[in-house]
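One structure is given here, and the rest of the page talks about it.
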Amino acid sequence: MDEVAVEYIRRTVLKIPRDEIMAVLQKWGFLSEAQLQTINFRQTKESISHSVAQLCEESSAGIKQAALLDIIYNHIYPNKRVWSVYHMNKTGKASFFSFSTQVTINFREYEDNAIWIRIAWGTPYTKPNQYKTSYVVYHSQTPYVFISASTLRSNLPLLCQAMVVASNYHNIREMELRSHCLNSLKDIVFKRYSQNFQTNYPLQERNVLTENEDLRINDENRSEKERIHRLNQECFGDGPQPKLDFAQYKLETMFKSDPKWDVLEKKEPFRCLVKFSSPHLLESLKSLAPAGLADAPLSPLLTCIPQKARNYFKIREKSSLHPGSFVSP
């Protein structure tokens, strides 16, 4: 019996919503239906977790079974982690370095051709820590990798090197695109969301005119709503938006003033950071103009997020442009 594995299984069960524990354990498949029938799923999660742990102890569960349950849990609830998108390519020359560390690696392939890889990291002298794992989701025949790194960030270069070697690519780079919603990240890089397009459908007016209404004012309001509706569709498309929870902008610009004043001793740029956060950022941005909270169209820096596949931006001043011009690399 592996006490570490049994305790890990117990803690994983505690993370699952109580009403869904039975279904998750059935997907896991380690415990038989007869064993599951002996568990009272109406009791508290703490009691359920101890019942599951006792059955796993009797069935001699090991790290392999504990890791499989963890993969299933993260596949069902991927939004519990933060995911970053990486892009691999076959240009350039691959560079590798040797390392010596203990790891535990487990795989599971799903029906959408996604391979889920779980890595628990150790050191040359310590066993892998099952509570500090990295996750990789890789769709075969694509150059994209979705990584949720562990708190041990020092192991990330080793993980990237391993992915490059295993997938027969030469280089890998992190895209400036991160979110809790793994499926939305996939929608963005695989272009599965509603693409921007222009439509000419008029916005239907819901309010019925009364005798006292000024037709000119009503026509003007209707024209403005139609304009906003059209511009919004051109920017965001007609379907639901991918789910991102933030966008971050770092601005770097020089202070503009009359040279005669010379208010700054050092000619260093001003720097600031702006972060937009929302449970569903793109849908929130899409609703601003129709709600009258922003002018249409919105800034391209806000509407280009899905097309550029990034939600981290660095806005710098380009010396060759007009003093008021900014570019984002």
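The values are calculated or read from the model by the stated rules, or taken from the named source; none is laboratory data. What you see is a predicted model; the values in this text were computed from it and never measured. Note: ideal-geometry Cβ built from the backbone for every residue, glycine included; neighbour counts use all protein chains shown. To get the accessible areas, we keep the full protein, side chains included, count just its heavy atoms, and leave off ligands, DNA and RNA. Shrake-Rupley method; radii C 1.70, N 1.55, O 1.52, S 1.80 Å.
In debye to the nearest 20, how big a dipole does the range 24-69 give about its Cα centre with +1 on each Lys and Arg Cβ and -1 on each Asp and Glu Cβ? Intermediate values should be presented prior to the final figure.
On the way: 4 positive and 4 negative charges, 37 e Å.
Dipole about the Cα centre, nearest 20: 180 debye.
Restricting to the range 222-316, what percent of DSSP beta bridges are antiparallel, rounded to 5?
Just about 60 percent of them are antiparallel.
Carbon and sulfur atoms: what percent of the 1.4 Å accessible area of the range 82-189 do they account for?
Details: 2850 of 5460 Å².
The nonpolar share, carbon plus sulfur, comes to 52 percent.
Size of the range 222-316 along its principal axes in angstrom, Cα-based, largest extent first?
Result for the range 222-316: principal-axis Cα extents of 51, 30, 19 Å.
Of Ala67, Ile39, Leu14, which is farthest along the charge dipole of the range 3-76 in the positive direction, counting Lys and Arg as +1 and Asp and Glu as -1 at C-beta?
Result: Leu14.
Tabulate in residue order the Karplus-calculated ³J(HN,Hα) for the range 269-283, using 6.51 cos²θ - 1.76 cosθ + 1.60 with θ = phi - 60°, rounded to whole Hz; enter x for Gly and Pro.
x, 7, 10, 8, 10, 10, 10, 9, 10, 6, x, 8, 4, 5, 5
Just how large is the dipole of the range 82-189 about the Cα centre, in debye to the nearest 20, putting +1 at every Lys and Arg Cβ and -1 at every Asp and Glu Cβ?
It works out to roughly 360 debye.
Select from Tyr249, Thr303, Ser277 the residue farthest towards the positive end of the dipole of the range 222-316; place +1 on Cβ of Lys and Arg, -1 on Cβ of Asp and Glu, and compute about the Cα centre.
Of the candidates, Tyr249 comes out farthest on the positive side.
With a 1.4 Å probe and every protein chain kept in, tell me what percent of the accessible surface of the range 3-76 is carbon plus sulfur. Could the numbers behind the result be given before it?
Working: 1740 of 3670 Å².
Using a 1.4 Å probe with all protein chains present, the range 3-76 comes out at 48 percent carbon and sulfur.
For the range 82-189, rounded, prolate or oblate, judged on the Cα gyration tensor with a ≥ b ≥ c (square roots of eigenvalues), a/c < 1.5 rounded, else prolate if a/b > b/c? Spell out each step's value before the answer.
On the way: a/c = 1.69, a/b = 1.24, b/c = 1.36.
Cα axes put the range 82-189 in the oblate bin.
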